[in-house]
C-alpha cells in the first residue's frame, strides 16, 4: 500500500510540475546530455509529457506483475518489496530525470551526469537492502538457473547479492563524485563485475547445497 501511495504521489508531482512550468519553458527542451553538451532535445510538450507517461506505464506494469505474483501464491512480503523497488526506487529515478529536464529547460545549470550517477548509485543501494528480504520469485532478485531451483540457494545468494549491490551503489556514488569524467566506464564495469560475481557465487552455492 505504501509503495502505491509513493508511486501515485510521484506521478502527480511530475504532472503538476509539467503543468506549472510549461508556459514558461522554451520551445525545445534538452533530454539527453554527453558530459556538459546537449546531444538530444524534444519539443517542449513532448519533453514535459515523456517521463509522466513512462511513470504511468511503469505503475501499470508494476501492478500487473504484483497481481500475477498474487495469483501464483507468492509471499505477501515479497510482493510488497517488489512494489517498493519498482514504485519507490525506479519511479524515483524517473522523477529525478523529469525534474532535471524541467530545471535545465528553465535555465538552471546542473551537472546532469553527476545527478544521474548518484541517483543510480542510490537506487542500487536501495535494491541491495531489499534483495536479502525476498523469497524465491520469478520477478525480482538474483534470479538465475541456480537460485530458482532451490529456496536455500536463493536465500544465501540474495543475501550476498544484496550486500554486493549495496557496495556497488556506494562505490558508484563515491566514484562519480571523485572521477566524474570516467562515470560511464565506472558504472558499466562495476555493475557487470557484480553481476558476474553473483553468477559464479550462485553456481558455487548450488553445488555446495545440493551435494549435502
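The values are calculated or read from the model by the stated rules, or taken from the named source; none is laboratory data. This structure is a prediction, so every number in the text was calculated from the model and none was measured. Here the Cβ is made from the backbone with ideal geometry for all residues, glycine too, and neighbour counts use every protein chain on show.
For region 49-86, taking the residues that are farther than 21 Å from residue 142 by Cβ and within 13 Å of the chain's Cα centre (by Cα), the one that is surrounded by the fewest Cβ atoms within 10 Å (Cβ to Cβ) is identified as 58.
Give 175, 162, 141, 169 a once-over and let me know the one that is on the phi > 0 side of the Ramachandran plot and either free of Cβ contacts under 8 Å to residues at least 60 places away in the same chain or in contact with a helix residue (DSSP H, G or I) (Cβ under 6 Å, 6 or more places away or on another chain) (or both). Show your work before the answer.
On the way: 175 fails: on the phi > 0 side of the Ramachandran plot; 162 fails: on the phi > 0 side of the Ramachandran plot; 169 fails: on the phi > 0 side of the Ramachandran plot.
Of the residues listed, the single one that is on the phi > 0 side of the Ramachandran plot and either free of Cβ contacts under 8 Å to residues at least 60 places away in the same chain or in contact with a helix residue (DSSP H, G or I) (Cβ under 6 Å, 6 or more places away or on another chain) (or both) is 141.
Residue under question is residue 122, and the condition is that it be assigned to a helix (DSSP H, G or I), within 30 Å of residue 70 (Cβ to Cβ) and either within 17 Å of the chain's Cα centre (by Cα) or in the same structural domain as residue 79 (by TED's automatic domain parsing) (or both); does it hold?
On the way: assigned to a helix (DSSP H, G or I): yes; within 30 Å of residue 70 (Cβ to Cβ): yes; either within 17 Å of the chain's Cα centre (by Cα) or in the same structural domain as residue 79 (by TED's automatic domain parsing) (or both): yes.
Answer is yes for this residue.
Among the residues of region 9-41, those identified as exposed (fewer than 15 other Cβ atoms within 10 Å of the Cβ) and in a helix (DSSP H, G or I) are 9, 12, 16, 19, 20, 23, 24.
Of the residues making up region 158-188, those that are more than 27 Å from residue 139 (Cβ to Cβ) and in a helix (DSSP H, G or I) are 174, 175, 176, 177, 178, 180, 181, 182, 183, 184, 185, 186. Of all residues in region 125-157, those satisfying the criterion of being within 17 Å of residue 79 (Cα to Cα), over 17 Å from the mean Cα position of the chain (by Cα) and in a helix (DSSP H, G or I) are 133, 148, 151, 154, 155.
With respect to the conditions (1) out of contact with any strand residue (DSSP E or B) (no Cβ under 8 Å at 6 or more places or on another chain); (2) buried (at least 16 other Cβ atoms within 10 Å of the Cβ); (3) over 17 Å from residue 94 (Cα atoms), residue 44 falls short on a single one, namely (1). Is it the case, given these coordinates, that residue 184 is surrounded by 19 or more Cβ atoms within 10 Å (Cβ to Cβ) and either touching a residue at least 12 places away in the same chain (Cβ under 8 Å) or within 23 Å of residue 30 (Cβ to Cβ) (or both)? Against the criterion (surrounded by 19 or more Cβ atoms within 10 Å (Cβ to Cβ) and either touching a residue at least 12 places away in the same chain (Cβ under 8 Å) or within 23 Å of residue 30 (Cβ to Cβ) (or both)), residue 184 does not qualify.
To keep it simple, each residue is scored yes or no on (1) without any contact (Cβ under 8 Å) to a residue 60 or more places away in the chain; (2) outside the structural domain of residue 4 (by TED's automatic domain parsing).
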| site | (1), (2) |
| --- | --- |
| 58 | yes, no |
| 65 | no, no |
| 79 | yes, no |
| 86 | no, no |
| 100 | yes, no |
| 103 | yes, no |
| 128 | yes, yes |
| 133 | yes, yes |
